[in-house]
Amino acid sequence: MSDRLPGFSTLAVHAGAQPDPTTGARATPIYQTTSFVFNDADHAASLFGLQAFGNIYTRIGNPTNAVLEERVAALEGGTAALAVASGHAAQVVVLQQLLQPGDEFIAARKLYGGSINQFTHAFKSFGWNVVWADSDDIASFERAITPRTKAIFIESIANPGGSITDIEAISTVARKAGVPLIVDNTLASPYLIRPIDHGADIVVHSLTKFLGGHGNSLGGIIVDAGTFDWSAGGKYPMLSEPRPEYHGIRLQETFGNFAFAIACRVLGLRDLGPALSPFNAFMILTGIETLPLRMQKHCDNAKAVAEFLAGHPAVASVSYAGLASDKYNQLARKYAPKGAGAVFTFSLKGGYDAGVSLVSKLQLFSHLANVGDTRSLVIHPASTTHSQLDDAAKVKSGAGPDVVRLSIGIEDKEDLIADLEQALGA
Ligand SMILES: *Cc1c(COP(=O)(O)O)cnc(C)c1O
């Protein structure tokens, strides 16, 4: 092999994987086992004391999951990753390493509806307080910083409207405040945007969406950029102070630029328990092999559908950053030059009733609460994912009563447009 660095598509197929050393199996085997035999008593003790790396028990790590972790870390340009059971589990595990009860984190208001719920209600019961900011107003992040702020959380391409976040501008605010920037990169995938290249310290994903890509397996992942100094300022005791769980070792001192991924595994996943099934890891790994092909088709189809909708008389507006006229088009050109993703919203002149009616008339589009499937999907957020918000909050998060959200699949674009045409026209 020459010493050139492999490209993205090559990494998507190969990173982290090698033929199975005992059987020669070329696809990564599903290591469907709960536990792993130790060589001897010393080996067991060194694994438990974090003096050696190796497999103990699948709640803490599994060889199939390890291939997935190495692959996504390579695609995102991070130092290490940790796979967990879902995107929401990734968010809990990340924040558990950063926040003590009474601490705060700042989150962009434009977020996946489930994240708004998780941050507002579940995290509040842990004593973690979310402070909302507006990603269209970078100064609102600066104003929200207090001595108790421990992290900033944004989405690269934000739900539900597909708006593009100025990651570099927000990373500057985070750097100045001495807190890590966490980017949920689910809607972009590393094929479109690599947040670490723009200053993110931690990347999280719902693997359930574009990375797995086929609507068949839940999963989540945390990627450590290896860039943040956890010891500066004494704000992150989980990483910088001696851990009583592991004979007093300090994780940053011991593990350096992948200490955060280790903390998530040995303090988060070990104790909270949201382990990813190796079967799901296998399904998601298989999906990732075709990520570049799928993602490009998703984006090309989405642009064609958005252009069709923008010209339709029943449509009031289309919010897709890939359209030249869109408010986020400049940011899309900068951060996502290959395409602005495949999840976006549009609003109907007929309001709430027209939204409900459209969803019921579509035939090829599936009406369901997911995104990032090979199949095209539709949902009316105001009556479903965002129904718990009051009207003002719905509008603020891009889910007003007249708004319909699409996740464009990889079918033939002519068929998608024909389905929308019949449903809008009838
Ligand atoms: C789906 C989703 C999540 C939550 O992921 P799950 O795998 O469903 O737990 C988080 N963020 C975004 C942007 C999502 O689309």
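The values are calculated or read from the model by the stated rules, or taken from the named source; none is laboratory data. Computed from a predicted model, the values in this text were never measured in an experiment. All Cβ positions, glycine included, derive from the backbone under ideal geometry; neighbour counts span all protein chains shown. With ligands, DNA and RNA removed, areas are computed over all heavy atoms of the protein, side chains included. Shrake-Rupley method; radii C 1.70, N 1.55, O 1.52, S 1.80 Å.
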For the stretch 291-425, the Rg and Dmax computed from alpha carbons only, in angstrom = 14.0, 39
Most mobile of A342, A232, A281 per a Gaussian network model of the chain (Cα springs, under 10 Å)?
-> A232
Based on the mean of other Cβ atoms within 10 Å per residue, sort peptides 80-91, 244-255 so the most packed one is first.
-> 80-91, 244-255
Pairs over 31 Å Cα to Cα, from K124/K327; K124/K396; K150/K297, come to K124/K327; K150/K297
For helix 278-289, report the angle its Cα long axis makes with the longest principal axis of the Cα atoms of the chain; keep it between 0 and 90° and round to the nearest 10°.
-> 60
How large is the helix-only mean residue ellipticity at 222 nm for the chain, computed as the sum of -39500 (n - 2.57) over DSSP H runs with n ≥ 4, divided by its residue count, in deg cm²/dmol to the nearest 500?
-> -10000 deg cm²/dmol
Where is the GNM fluctuation largest for the chain (alpha-carbon springs, 10 angstrom cutoff): G219, G287, G233?
-> G233
Using a 1.4 angstrom probe with every protein chain in place, what is the largest-first accessible-area order of K338, K124, K150?
-> K124, K338, K150
Considering the dipole of the chain built from charges on the beta carbon (Lys and Arg +1, Asp and Glu -1) around the Cα centre, which of A314, A369, A342 is farthest to its positive end?
-> A314
Once Lys and Arg get +1 and Asp and Glu get -1 on their Cβ, which of L272, T10, G102 lies farthest toward the positive end of the dipole of the chain?
-> G102
Angle between the chain longest axis and helix 291-310 axis [Cα atoms, degrees, rounded to 10] | 20
Counted charge near L98, where neighbours are those whose Cβ lies closer than 13 Å (Asp, Glu -1; Lys, Arg +1) | -1
So for the stretch 137-205: antiparallel DSSP bridges make up what percent, rounded to the nearest 5?
-> 20
Heavy-atom accessible area of the stretch 279-351 with neighbours in place, 1.4 angstrom probe: carbon+sulfur share in percent works out to 57
Assigned charges on the beta-carbon of Lys, Arg, Asp, Glu; the chain dipole about Cα centre (debye) = 280
Cα atoms only, the stretch 273-337: Rg and Dmax in Å?
-> 17.0, 51
Can you give the angle from 0 to 90° between the axis of helix 351-361 and the longest principal axis of the chain, with both taken from C-alpha atoms, to the nearest 10?
-> 80
To the nearest 20 debye, what charge dipole does the stretch 349-404 have about its Cα centre, counting +1 at the Cβ of each Lys and Arg and -1 at the Cβ of each Asp and Glu?
-> 140
Report the net charge of residues surrounding Y112, where surrounding means a beta-carbon distance below 15 angstrom and charges are Lys +1, Arg +1, Asp -1, Glu -1.
-> +4
Where only C-alpha atoms are counted, convex hull volume of the chain per residue in Å³ = 146
Kirkwood Rh, angstrom, the stretch 177-277 [1 / mean 1/r, Cα pairs] | 14.8
Solvent-accessible heavy-atom area per residue, rounded to whole Å², over the chain at 1.4 Å = 40
Alpha-carbon centroid distance for the pair the stretch 277-324 / the stretch 56-97, whole angstrom = 25
J(HN,Hα) series, the stretch 390-407, from Karplus relation 6.51 cos²θ - 1.76 cosθ + 1.60, nearest Hz, glycine and proline x | 6, 4, 5, 5, 4, 5, 4, 8, x, 10, x, x, 8, 8, 10, 10, 10, 10
Within the chain, percent of DSSP bridges classed antiparallel, to nearest 5 = 60
Lys, Arg +1 and Asp, Glu -1 on Cβ, resulting dipole of the stretch 291-425 about Cα centre, debye, nearest 20 | 520
